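First, the structure itself, so that you have it in front of you.
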């Protein structure tokens, strides 16, 4: 069912304000690209006539009508794949993703992903970007397990994106590393970008060739040849924790890209788990904390060390 929103430009506003800028403020739950889609699709009227373009200037007192069509079916396929859902409401899902599951369909992974499973679990999803699909707010590597957020509507997607952008989200990872870091706890600041020697990998690079990556860590348990660390990333760069462990000369156990060529423990994956997530949810004032216990194969690895 089409939703209709009506606005009027206030007389004290500056004459000539762009239509897309006005709507970005009036409809904060929509992205700028989504607003431009609505304008281009003829869903926005100014003084009774279809808007001519996104940059159309508005006069004081102009009447605007925005018709938001229902979400269109997505070309993503819903699949009946069991999910470990930690929390769920009308706005979002907090899922404990297993190792081996890709988050979003891409080349080589057209099915069996977290998004396919989420669509199978919630076929009536409101959707984002004008499509009936969940919004991926952040990602986990295929072989990293643990907590991940999926937005069920555009309002929640924008809210959660802003929480991450403003660094109001606290994430905690558990990582078992070979050896030990230089100090029991500390802070790592590097710049991460594409590896100039292998474009399929990431690397710690110079400031001019990468983006700032900041993490803190703390030793949780020490073993003869390994250390269990808690990591707290303040930025969300691709492979950030794995690269920061390699930077500290204590790579993650089982990491086939940045770790040792000969694994020191028998594991079919790398030992990295998104353990805890602290975030303020849409329409709430107090932050919530979600946790996901270590998967059995990682607990078994620790038991062998103990």
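The values are calculated or read from the model by the stated rules, or taken from the named source; none is laboratory data. Given the structure is predicted, the values throughout are model-derived calculations rather than measurements. Every residue, glycine as well, gets a Cβ built from its backbone with ideal geometry; the counts of neighbours run over all protein chains shown.
Using the structure shown, decide if residue 54 is assigned to a loop (DSSP other than H, G, I, E, B) and under 19 Å from the mean Cα position of the chain (by Cα). I'd like the intermediate steps shown before the answer.
Working: assigned to a loop (DSSP other than H, G, I, E, B): yes; under 19 Å from the mean Cα position of the chain (by Cα): no.
No; evaluated as a whole, the condition is false for this residue.
What pairs come out if I take residues in the range 197-218 that are without any contact (Cβ under 8 Å) to a residue 12 or more places away in the chain and pair them with residues that are part of a strand (DSSP E or B) whose C-beta lies under 9 Å away, six or more apart or interchain?
197/203; 200/194; 208/191
Do you know which residues across the range 24-35 are out of contact with any strand residue (DSSP E or B) (no Cβ under 8 Å at 6 or more places or on another chain), surrounded by fewer than 19 Cβ atoms within 10 Å (Cβ to Cβ), over 13 Å from residue 157 (Cβ atoms) and in contact (Cβ under 8 Å) with a residue 12 or more places away in the chain?
32
Suppose we keep only residues that are surrounded by 15 or more Cβ atoms within 10 Å (Cβ to Cβ) and at pLDDT below 90 within the range 68-86. Which one would you say is farthest from residue 99 (Cα to Cα)?
This residue is 68.
Let me ask you something else. What is the residue count in the range 160-185 for residues that are closer than 30 Å to residue 305 by Cα and free of Cβ contacts under 8 Å to residues at least 40 places away in the same chain?
Of all residues in the range 160-185, those closer than 30 Å to residue 305 by Cα come to 170-185.
With the extra rule that they be free of Cβ contacts under 8 Å to residues at least 40 places away in the same chain, the set shrinks to 183-185.
Residues in the range 160-185 being closer than 30 Å to residue 305 by Cα and free of Cβ contacts under 8 Å to residues at least 40 places away in the same chain: 3 in total.
A further question on this structure: Going by the structure shown, is residue 191 within 21 Å of residue 176 (Cβ to Cβ), at pLDDT 95 or above and touching a helix residue (DSSP H, G or I) at 6+ places or on another chain (Cβ under 6 Å)?
Answer is no for this residue.
Something else about it: Restricting attention to the range 35-51, and to residues there that are under 17 Å from residue 24 (Cβ atoms) and more than 31 Å from the chain's Cα centre (by Cα), which single residue is modelled with the lowest pLDDT?
By that ranking, first place goes to 51.
Now, a different point. Please go through the range 249-263 and pick out each residue that is buried (at least 17 other Cβ atoms within 10 Å of the Cβ) and assigned to a loop (DSSP other than H, G, I, E, B).
Within the range 249-263, 250, 251, 253, 254, 255, 257, 258, 259 qualify.
For (1) assigned to a strand (DSSP E or B); (2) at pLDDT below 90; (3) under 16 Å from residue 87 (Cβ atoms); (4) out of contact with any helix residue (DSSP H, G or I) (no Cβ under 8 Å at 6 or more places or on another chain), each residue gets a yes or a no:
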site	(1), (2), (3), (4)
112	no, no, no, yes
120	no, no, no, yes
124	no, yes, no, yes
133	no, yes, no, no
140	no, no, no, yes
146	yes, no, yes, yes
149	yes, no, yes, no
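Being over 29 Å from residue 21 (Cβ atoms), part of a loop (DSSP other than H, G, I, E, B), in contact with a helix residue (DSSP H, G or I) (Cβ under 8 Å, 6 or more places away or on another chain) and outside the structural domain of residue 237 (by TED's automatic domain parsing) is the requirement here; does residue 102 meet it?
Against the criterion (over 29 Å from residue 21 (Cβ atoms), part of a loop (DSSP other than H, G, I, E, B), in contact with a helix residue (DSSP H, G or I) (Cβ under 8 Å, 6 or more places away or on another chain) and outside the structural domain of residue 237 (by TED's automatic domain parsing)), residue 102 qualifies.
Another question, if that's okay. Of everything in the range 214-238, what is part of a loop (DSSP other than H, G, I, E, B) and either more than 15 Å from residue 250 (Cα to Cα) or outside the structural domain of residue 188 (by TED's automatic domain parsing) (or both)? Give them in sequence order.
234, 235, 236, 237, 238, listed by residue number.
Taking the condition at negative phi, touching a helix residue (DSSP H, G or I) at 6+ places or on another chain (Cβ under 6 Å) and at pLDDT below 85, does residue 32 pass?
Yes; evaluated as a whole, the condition is true for this residue.
Sticking with this structure for a sec: Does the range 194-213 include one or more residues that are under 18 Å from residue 146 (Cβ atoms), in contact with a strand residue (DSSP E or B) (Cβ under 7 Å, 6 or more places away or on another chain) and assigned to a strand (DSSP E or B)?
No, the range 194-213 has no match at all.
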